[in-house]
1. Given the structure, is A62 modelled with pLDDT of 90 or more, farther than 30 Å from K208 by Cα and surrounded by fewer than 14 Cβ atoms within 10 Å (Cβ to Cβ)?
2. Name, by its number, the condition in (1) surrounded by 11 or more Cβ atoms within 10 Å (Cβ to Cβ); (2) not in a strand (DSSP E or B) that does not hold for E138.
3. Which residues, counting only those in the stretch 153-189, are open to solvent by 30 Å² or more (accessible area, probe 1.4 Å), modelled with pLDDT of 95 or more and out of contact with any Ser or Thr (no Cβ under 9 Å at 6 or more places or on another chain)?
4. In the list I117, I139, I194, which residue meets the criterion of being within 16 Å of L39 (Cα to Cα), of a type outside the set (D, E) and under 18 Å from the mean Cα position of the chain (by Cα)?
5. In the stretch 23-51, how many residues are over 21 Å from K182 (Cα atoms), more than 10 Å from the ligand (Cβ to nearest atom) and not acidic (D, E)?
6. Please go through the stretch 190-207 and give me each residue that is open to solvent by 70 Å² or more (accessible area, probe 1.4 Å) and without any contact (Cβ under 8 Å) to a residue 40 or more places away in the chain, ordered by number.
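The values are calculated or read from the model by the stated rules, or taken from the named source; none is laboratory data. Bear in mind the structure is a predicted one, so any value in this text is a computation, not a measurement. Methodologically, a virtual Cβ is constructed for each residue, glycine included, from the backbone with ideal geometry; neighbour enumeration extends over all protein chains shown. Quick note on the areas: whole protein, heavy atoms, side chains included, nothing else; ligands and nucleic acids left out. Shrake-Rupley method; radii C 1.70, N 1.55, O 1.52, S 1.80 Å.
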Amino acid sequence: MGENSKASIICPKCRKENNIINEYCVECGSRLKEKNSKLFQIVENLKADLYGSVICIVVFVAFMIFVTYGIISNYGAYGFISILIIWPLTIGFILWTRHYLKGLSKIRRFTITKDYIEIFVPHKPQFHINWTDFNSIEIKRSDSITTVPTGDGIVMGPRFVYFNLIFRGSNLERSYEFESGKDFKVKSRKKILIALEQLAQKQGKTFKAWR
Ligand SMILES: [Zn+2]
């Protein structure tokens, strides 16, 4: 980070001390600086995805209760042994999902101005880089496909797609990785990459993408 990252700015609304690079207050979300030189911005949350996931979990738990009921009525006391295995797994899964869904309803923001690029995703450190700090942007894409063993063999599970933005200067290399569909919607991710490519060209920077 540059020297300016040590300076602070007081929120005009709630008086919270914010890092000078923040455009919005970390406490109340108010705008800290005048709207200036903004070339591109995506502001979104993933509330709809959150609600969809919550519905899936509720259906899943209802199904597990139904299965438990079936096991007990068919196998009696022996059935409890399998339930002792099934329920800790179910609860573990719900806790994992809860962790995964955390922050989906919160605002995420990708801003490009004529001076800097700033990325804010909940539960991740804020990323800020000035155009003058780097000469090239490289975008790397990585996919990870999980597999789920079933009675019919192995099937493909959820697919996670990550985009790593790598900024290189003469004596600097910084990167920011975000998950498509979780940190930013797929639609937004496409807009972000197009904006980065176009604005990088305008700023005379080298742009390289995975394709
Ligand atoms: Zn505030």
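1. So A62 passes the test.
2. Against the list (1) surrounded by 11 or more Cβ atoms within 10 Å (Cβ to Cβ); (2) not in a strand (DSSP E or B), E138 comes up short only on (2).
3. Matches in the stretch 153-189: E173, R174, S175.
4. Exactly one residue qualifies, and that residue is I117.
5. Of the residues in the stretch 23-51, 6 are over 21 Å from K182 (Cα atoms), more than 10 Å from the ligand (Cβ to nearest atom) and not acidic (D, E).
6. K190, I194, Q198, Q201, K202, listed by residue number.
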